[in-house]
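Report on the structure given below.
No lab work stands behind these numbers, since they all come straight from the coordinates. Worth saying up front: this structure is predicted, and the values here are computed from it rather than measured. Heads up, the Cβs are rebuilt from the backbone with ideal geometry, glycines too, and the neighbour counts pull from every protein chain shown.
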Amino acid sequence: MEIARSKQPDSVIEVPLSHGRVHALRVATPDLFAVTGSFRTSPAIDRGDLLLQQLVAALATCGSLHHDPFEMADLLESRGAALSIESESQRVTFSAQACSADLPLVVALLAECLREPRFDADDFVTEQARLIAELEYRAAEPTAMVADGLSRALYPPSHPHHQAVLAEQVAHLERFSVDDVRRYHREHFGANDLCIVVVGDIDPWMAAAEFDRHLSSWPPRFVRTHDDDATLPDSKQDLRIAAPGRENFDAALGHRLDIRCDDPDYMALWMANHILGATFDSRLVAAVREEQGLTYSIRSQLTKPCREYDGHWQFNLSSSPDKLEAGLAATRAEIAKFVDLGVSPQELSAKQAQAIGAFQIGLATLYGLSETMLFGAERGWGPGYIRDFAGRIGSVTVEQLNRVIREHLRPAELRTAIAGPFAHV
């Protein structure tokens, strides 16, 4: 398609592609640019498709039908350029950084990797072994242990946030072949809700035209509609995971949320989490760690928001064996207090200013700027997301905030996963 051009912009522009859109911004970084992007997929989680998608993404940068791995590496490294392709739960992301003069070449190579990877059988064996090793390493890390355990307590096996146990994941990976990789790529890699962000010393319309030239004939693939099953697994007991050799305990508490990123109350929910436990001067840190000395660390987070399915509110803490139970009790008490008493106008105003400042600092690099723009583009927040963030946060009122806290934070529904040396308690 022909890309319509107007004068050089001083803000983000959105350029439609044949199958997707480009958000572009010219900034004062002489001779440099960064690209981030993603497209939607629909892996069947309970069949191990997410692991298969990770294999496809890893192999996609191991050469294409037009350039073997050594040729591609030489083309990129000789120019100081880099590109990567990674898997997320329902999307595949890609990124590249290079000198502005090399944008046409980098876009062409990126398109080759996405559309025509070579999928060499020997590379498959290498990446399969590497991914199994990564899973084994993660399964031995206590923070990951409790996060994955909590996911199994909150979501059924078919949900994108469900993390299967290590043995099940390894069994899936060992069953896959390079033919499965090729099939998954053929069926799932396409211009589905394709979002591309390019920032730097570039002509936005020229950049969009390059992407359209290489991706206009890349067809969308079938994307299954996700059934957001709200059914919780049966057990309500705390999940205890043995972590031999550890001296301390890690715990994750959480419950499901029935709100998505396109909900009018989402920014108020984000602000509530920011105040409760997202920063070092949050409520949880001040009360549980600093005042009572019951944890080494404590924080809260919302699962990465999306438009297709719900997530959960999660609270993580690390504690010594003799303070574990007291730390968990104090955490629950502070969460309940947050719900009962809410937030004052003065506290909200101070935290809004803090959040806006942190957001702006995150835009200081090309990578941070492009990642933030992509985050907004994927969620349908439009090309003005980085400009509008301060206004969206500032528009949250104390009445809305306290209502959202009461409606969505439910201490009685918290489930808990704990990892550590249980012989010591």
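General observations
- Inter-label distance for residue 129 and residue 75, nm, one decimal - labels placed 7 Å from Cα along Cα-to-Cβ: 2.8 nm
- Likely footprinting exposure, 296, 309, fewest C-beta neighbours within 10 Å first: 296, 309
- Calculated on alpha-carbon atoms, Rg and Dmax of the chain in Å: 23.0, 69
- Highest-MSF residue in the chain out of 16, 117, 219 [GNM, Cα springs under 10 Å]: 219
- Remark: spin-label model distance residue 397-residue 182 equals 6.2 nm, labels positioned 7 Å along the Cα→Cβ axis.
- Karplus (6.51, -1.76, 1.60) ³J(HN,Hα), θ = phi - 60°, over the stretch 160-168, in Hz, Gly and Pro reported as x: x, 8, 6, 10, 5, 5, 4, 4, 5
- Residue 167-residue 358 FRET efficiency (beta carbon distance; Förster radius 41 Å; 0.05 resolution): 0.55
- Computed extension gain for residue 320 through residue 390, at 0.36 nm per residue and net of the alpha carbon distance, reaches 21.3 nm.
- Fully extended contour minus Cα-Cα distance, from residue 138 to residue 203, at 0.36 nm per residue: 19.2 nm
- Helix 345-361 and the longest principal axis of the C-alpha atoms of the chain enclose an angle of approximately 30°.
- Pairwise label distance in nanometres, residue 65 with residue 422, each label 7 Å out on the Cα-Cβ vector: 5.3 nm
- Charges were assigned to the Cβ only: +1 to each Lys and Arg, -1 to each Asp and Glu. The resulting dipole of the stretch 13-215 about its Cα centre is roughly 580 debye.
- Degrees separating the helix 398-408 axis from the principal Cα axis of the chain, which is the longest one: 80 degrees
- Sites residue 344 and residue 280 - FRET efficiency at Förster radius 25 Å, r taken between beta-carbons, to 0.05: 0.80
- Estimated purely from DSSP H runs of n ≥ 4, each contributing -39500 (n - 2.57), the mean residue ellipticity at 222 nm for the chain is -13000 deg cm²/dmol once divided by its residues.
- Note on residue 122 and residue 292: the extension gain reaches 55.7 nm, defined as 0.36 nm multiplied by sequence separation minus the Cα-Cα distance.
- Given charges at beta-carbon only (K, R positive; D, E negative), |dipole| of the stretch 310-370 in Debye: 140 debye
- Dipole of the stretch 180-313, positive direction: furthest Cα of 219, 244, 293, with charges on the beta-carbon: 244
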